[in-house]
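Let me begin by presenting the structure, written as structure tokens, before commenting on it.
The values are calculated or read from the model by the stated rules, or taken from the named source; none is laboratory data. In this text the structure is predicted, and so the values were computed from the model without any measurement. Reconstructed Cβ throughout: ideal geometry from the backbone, glycine too, with neighbour counts over all protein chains shown.
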Amino acid sequence: MKHSTQTGFWKDVAPKEMTSQQWESLCDGCGRCCLQKLIDDDVPLMYHTSVACRYLDLKSCKCSVYETRQDKVSDCTLVTPEAVEEYNWLPETCGYRRVAAGKDLPDWHPLVTGDPKSTVKAGMTVRKWAISEDKVPETRWGEHIIEIQQLGE
């Protein structure tokens, strides 16, 4: 595996001390945070679905409106160093979540490999199994549940 010229800044710089460019580079591009979730506050449970936001390019697993995503999708999750710990629904492999918890990045992460496509090559994206919300009415998202999570975990 080719190793990046990055010095592993995520090991030495606290998330709240990172530049916005450093913080953003922790995203591995898996697309999992762009999957729709259903929340049942009565239970309380979060149902993760395979239904992706309409703006997630399912080939590249990148947001097609990244710079204006909060304007287009009012509840789009903005993962910041201050808020990342609140998002316990992010996958265990998420670079933001791992670094905030003091863990290293996975060996397939683009910052480790130096290859921006390494997440795709490692099969860690939603690319092959997610479906755009443009193809599934919201009333049918429940048919696409892939994981159930107890809230507060």
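Residue by residue through segment 136-153, note down the ones that are over 23 Å from E85 (Cβ atoms), outside any strand (DSSP E or B) and of a type outside the set (S, T, Y).
Correct list: V136, P137, E138, R140, W141, G142, E143, H144.
Of all residues being modelled with pLDDT of 95 or more and touching a Cys at 6+ places or on another chain (Cβ under 7 Å) in segment 46-62, which is farthest from R98 (Cα to Cα)? Just the residue, please.
Y55
Give me the residue from segment 81-120 that is surrounded by fewer than 15 Cβ atoms within 10 Å (Cβ to Cβ) and either of a type in the set (S, T, N, Q) or in contact with a His (Cβ under 8 Å, 6 or more places away or on another chain) (or both) and, out of that set, modelled with the lowest pLDDT.
Taking the candidates together, the pick is N88.
Quick check on segment 87-118: of everything there that is charged (D, E, K, R) and either in contact with a Cys (Cβ under 6 Å, 6 or more places away or on another chain) or part of a loop (DSSP other than H, G, I, E, B) (or both), which residue is farthest from M46 (Cα to Cα)?
So the residue we want is D115.
Which one is nearest to F9 (Cα to Cα) among residues in segment 58-86 that are assigned to a helix (DSSP H, G or I) and of a type in the set (K, R)?
R69
Give segment 41-59 a look and list any residue that's free of Cβ contacts under 8 Å to residues at least 40 places away in the same chain and either aromatic (F, W, Y) or under 21 Å from M124 (Cα atoms) (or both), or say none.
Listed by number, the residues that qualify are Y55, D57.
Show the residue pairs that are 6+ apart or on different chains and have beta-carbon atoms under 9 Å apart, the first residue being within segment 122-138 and at positive phi, the second being hydrophobic (A, V, I, L, M, F, W, C) and surrounded by 11 or more Cβ atoms within 10 Å (Cβ to Cβ).
Partner pairs satisfying both residue conditions: G123/W108.
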